[in-house]
Amino acid sequence: MSLMDMYVHRDTPIHRLDPRVKIILAVFLTIFCFFLSNILLLFGLFLLLQLLILSTGVSIKRYSSSLWLVGRFALIFVILWPFFDKTGETVLLDLSIYKVTLESLLRSLSLALRILVMASGWFLLLYSTTQSRLVRGLVKLGMPYDLGLSLSIALRYIPHFIETMDMIKDAQVSRGYEVDSGGPWRRVRNFIPVLIPTFVFALRTSEGISASLVSRGYGASPVRTYHRDIRVRHTDAALITLIVVSVPSAIILDLMNLISI
Amino acid sequence: MSIISIRQVSFRYPKQDAPALSNVSLDIFPGELLALIGGDRAGKTTLCHMLNGLIPNLIRGELAGEIIIDGKPSSSYPQGGISRIVGLSLQDPESQLFTATVEEEVAFGPENLSIPPEEIDRRVTWALEVMGIENLRKKSPSALSGGQKQRLAIASVLSMLPKVIVLDEPLGMLDPRGRRDLIEILSRLAKEKGISVVISESRIDEFIEICDRVAIMHNGSLISSGSPSDAIASSDTLKTYGIEPPRLQILSELMISENLISQKQSFLGERRANEVLKSLIDREKGGVV
Ligand SMILES: Nc1ncnc2c1ncn2[C@@H]1O[C@H](COP(=O)(O)OP(=O)(O)O)[C@@H](O)[C@H]1O
Ligand SMILES: [Mg+2]
């Protein structure tokens, strides 16, 4: 599944937000999560983000499978944490090498929530923003257009390549190649007949893309116009201010231990 | 006056022994529908890439001869400049659809040309209507069927209002009905808007009677070019070039060899076949009475 294929074809208030609002939110949340450890705040934020994400009209089935991709990591953290962090007063479970205390459990949950909040910010952005509005937002925030376009094209084709790799793998397997057997070194070697055709295919496609870009007038004019340009409305401006002010203040309050559980 | 003029052009890709094109000369005239027919590796794609300057401006190789586009050598255009004159839809639609919605795809070209937004909107609507995919406007290109992707690829060059559109094997992914519809649209573009349309294909059954001119390619050379009946030799010759002959041509040849019709009555397509067969039936009836 492609990040770009994540776009939900709907017209909701979240979709209509200026992409910059959502980009700033995702970036701020990501930074925020490095600093913030307050579990209640994180949990509240997580719930709020889930509501916003569901309001983009994404199907619960699709969203939960995407969230699970990230959730798996979060879960592994929570499970492995007690091996490394045995400090804390309130012992919940003690198997000597695996000791769970309430304090360490909260710490691992806070870490898991940080990962989920971080991911949710990006899910919200990608579900509700088309590729061109995303690139337009990034460019207006200072990214060079060429870079923005390359980025969005890369995102568009990655799943295509993965799909092709699977197809080639199936084809090789049906011809009697054993791709998924043997020791690790053997597996790597077995994978070469899959990797090389995929690589050739990717190269061809990328040649096609550059041919297509030039044929569509890419680079013909120093300034580009935009069919539907993005414009910051009052709501967008208000939201950007809110994010830019509230997120750093929450970090400061948290670092100064002014909010506590 | 031709819009594109190719004079004695030969081209060899880097590290290849055989040239992909040898001594090809071809003119494209305003408002004509030209069929570029040839089997696998005939050089069709190479020639298509030459018609819009991708060769030599993007794809390098050993080039001899002259390529004149709208009065100027193709190599003298800045990057993307030829796209205002010649639109190209590539053989592989997958590599030319890279945006999230049909509308964005069609707007991409005019945006690069710095066209004002209101004008882009008019062009997008027009191109989608011409190609009959206005209803897909907000859809994702990756969700479209093969035929719809092909139409979208054409709409996204049409929106740049080129004088020539070059389509490299546009019919491959379509069913017979889709092929006929697309050819119908292209022929209308040529007749009503004066846009020159170049279609590269390895078969010509569906549009033999709609195209104004046929150019036959084989092994990098232009074998013949002219009106369909002039350019197309016997079905056996076509077969040796790896081209699937029109089915009715085979019937026509059989009827000639059986002395049912004369050489002058030979036919390639449906319309002409109808005429000839009707006159044959009338004659038979006359004979009986
Ligand atoms: N990018 C390329 N690099 C090297 N050789 C190529 C390339 N593209 C085509 N050729 C060669 O040029 C010849 C003509 O190919 P092409 O123009 O693709 O023919 P067609 O489209 O009629 O099948 C073939 O022999 C082919 O192998
Ligand atoms: Mg080809």
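The values are calculated or read from the model by the stated rules, or taken from the named source; none is laboratory data. Please read all numbers here as calculations on a predicted model, not as lab measurements. Cβ placement follows ideal geometry from the backbone for every residue including glycine, while neighbour counts extend to all protein chains displayed. Side chains included, ligands, DNA and RNA excluded: accessible areas come from the protein's heavy atoms. Shrake-Rupley method; radii C 1.70, N 1.55, O 1.52, S 1.80 Å.
Starting from the Cα of A:Asp229, step 7 Å toward the Cβ, then list every residue of segment A:8-49 with an amide N under 13 Å from that point.
Correct set: none at all.
Given 10 °C and 1.306 mPa s, how large is the Stokes-Einstein diffusion coefficient of chain A in µm²/s, with Rh as the Kirkwood radius over Cα pairs?
Working: Rh = 21.8 Å.
The diffusion coefficient I find is 73 µm²/s.
Show which lysines lie in cross-link reach of B:Lys149 when reach means a straight Cα distance below 20 angstrom and same-chain residues fewer than eight apart are skipped.
Leaving aside lysines fewer than 8 places away in the same chain, those within reach of B:Lys149 are B:Lys138, B:Lys139.
Quick one: what do you get for segment B:45-193 if you divide its Cα Rg by 2.2 N^0.38 Å? Show your work: numbers first, answer last.
Working: Rg = 15.3 Å, N = 149, 2.2 N^0.38 = 14.7 Å.
Relative to the 2.2 N^0.38 Å estimate, segment B:45-193 comes out at 1.04.
Would you tally the net charge around B:Ile28, using a Cβ to Cβ cut-off of less than 12 Å, leaving B:Ile28 out, and scoring K and R as +1, D and E as -1?
-2
Just to check I understand the Karplus step: with θ = phi - 60° and J = 6.51 cos²θ - 1.76 cosθ + 1.60, what whole-Hz values come out for segment A:222-238, glycine and proline as x?
These are the phi-based 3J(HN,Hα) values: x, 10, 9, 9, 10, 4, 10, 6, 8, 9, 6, 8, 4, 4, 4, 4, 4 Hz.
Which whole-Hz couplings ³J(HN,Hα) result when phi for each residue of segment B:33-41 is put into the Karplus expression 6.51 cos²θ - 1.76 cosθ + 1.60, θ = phi - 60°, listed in order with x for Gly and Pro?
10, 10, 9, 9, 10, x, x, 4, 6
Which three semi-axes in whole Å describe the equivalent ellipsoid of the protein assembly as shown, each the square root of 5 times a Cα gyration tensor eigenvalue, listed largest first? It would help to have the intermediate numbers written out before the result.
On the way: eigenvalues 676, 149, 99 Å².
With the √(5λ) rule applied to the protein assembly as shown, the semi-axes are 58, 27, 22 Å.
Which residue fluctuates the most in chain B, going by a Gaussian network model with Cα springs under 10 Å, if the choices are B:Pro19, B:Pro176, B:Pro162?
For chain B, modelled as a Gaussian network with Cα springs under 10 Å, the answer is B:Pro176.
Accessible area per residue, 1.4 Å probe, Å², for the protein assembly as shown: what's the number?
Numbers: 27240 Å² over 550 residues.
I get 50 Å² per residue for the protein assembly as shown.
For segment A:217-261, state which residues have at least 10 Å² less accessible area in the presence of all protein chains than in their chain by itself, taking the probe as 1.4 Å and leaving out ligands, DNA and RNA.
When all protein chains are present, A:Gly217, A:Tyr218, A:Gly219, A:Ala220, A:Ser221, A:Val223, A:Arg224, A:Thr225, A:Tyr226, A:His227, A:Arg228 each give up 10 Å² or more of accessible surface.
Take each of the peptides B:60-68, B:191-199, average the number of other beta-carbon atoms within 10 Å over its residues, and list them starting from the highest. Show your work: numbers first, answer last.
Numbers: B:60-68: 15.0, B:191-199: 19.4.
Order by mean packing, descending: B:191-199, B:60-68.
Amide H neighbours of B:Ser221 under 5 Å, counting only residues 5+ apart in sequence or on other chains, H built in-plane at 1.01 Å?
B:Ser22
Identify all lysines with a Cα-Cα distance to B:Lys264 below 30 Å; exclude those on the same chain that are fewer than 8 residues away in sequence.
Answer for B:Lys264, where 30 Å is the Cα cut-off: B:Lys191, B:Lys239, B:Lys278, B:Lys285, listed by chain and number.
When the Karplus curve 6.51 cos²θ - 1.76 cosθ + 1.60 is applied with θ = phi - 60°, which whole-Hz ³J(HN,Hα) does each residue of segment B:170-183 get, with x for Gly and Pro?
Residue by residue, segment B:170-183 yields x, 9, x, 8, 9, 7, x, 4, x, 4, 5, 4, 5, 5 Hz.
Let me know the shape class of chain B, please: from the alpha-carbon gyration tensor, a ≥ b ≥ c as square roots of the eigenvalues, rounded when a/c is under 1.5, otherwise prolate if a/b is greater than b/c, or oblate. The partial results should precede the final answer.
Details: a/c = 2.20, a/b = 1.42, b/c = 1.55.
It is oblate, given that a/c is not under 1.5 and a/b is not larger than b/c.
Considering only the other residues whose Cβ falls under 14 Å of the Cβ of A:Ile240, what net charge follows from Lys and Arg at +1 and Asp and Glu at -1?
Details: positive: A:Arg20, A:Lys22, A:Lys140, A:Arg231, A:Arg233; negative: A:Asp18, A:Asp236.
Overall, the nearby charge balance is +3.
Just the Cα atoms of segment B:234-289, one point each, no solvent: what log10 I(q)/I(0) does Debye give at q = 0.18 Å⁻¹?
For segment B:234-289 at q = 0.18 Å⁻¹, log10 I(q)/I(0) is -0.62.
Leaving out ligands, DNA and RNA, what percent of the accessible area of segment B:4-229 is carbon and sulfur, probe 1.4 Å? Numbers along the way, then the final one.
Numbers: 4020 of 8410 Å².
Taking all protein chains in place, segment B:4-229 shows 48 percent carbon and sulfur surface.
Can you tell me the mean projection area, over all orientations, of the convex hull of segment A:108-194's alpha carbons? Units nm², please.
Numbers: hull surface 38.0 nm².
Convex hull of Cα atoms, orientation-averaged projection: 9.5 nm².
Mean-square fluctuation check for chain A, GNM, Cα pairs under 10 Å: which of A:Ala171, A:Ala119, A:Ala154 is largest?
Between A:Ala171, A:Ala119, A:Ala154, it is A:Ala171 that shows the largest mean-square fluctuation.
Cut-off 10 angstrom, C-alpha nodes, Gaussian network model of chain B. Which of B:Gln79, B:Gln16, B:Gln150 fluctuates the most?
Top of the fluctuation ranking is B:Gln16.
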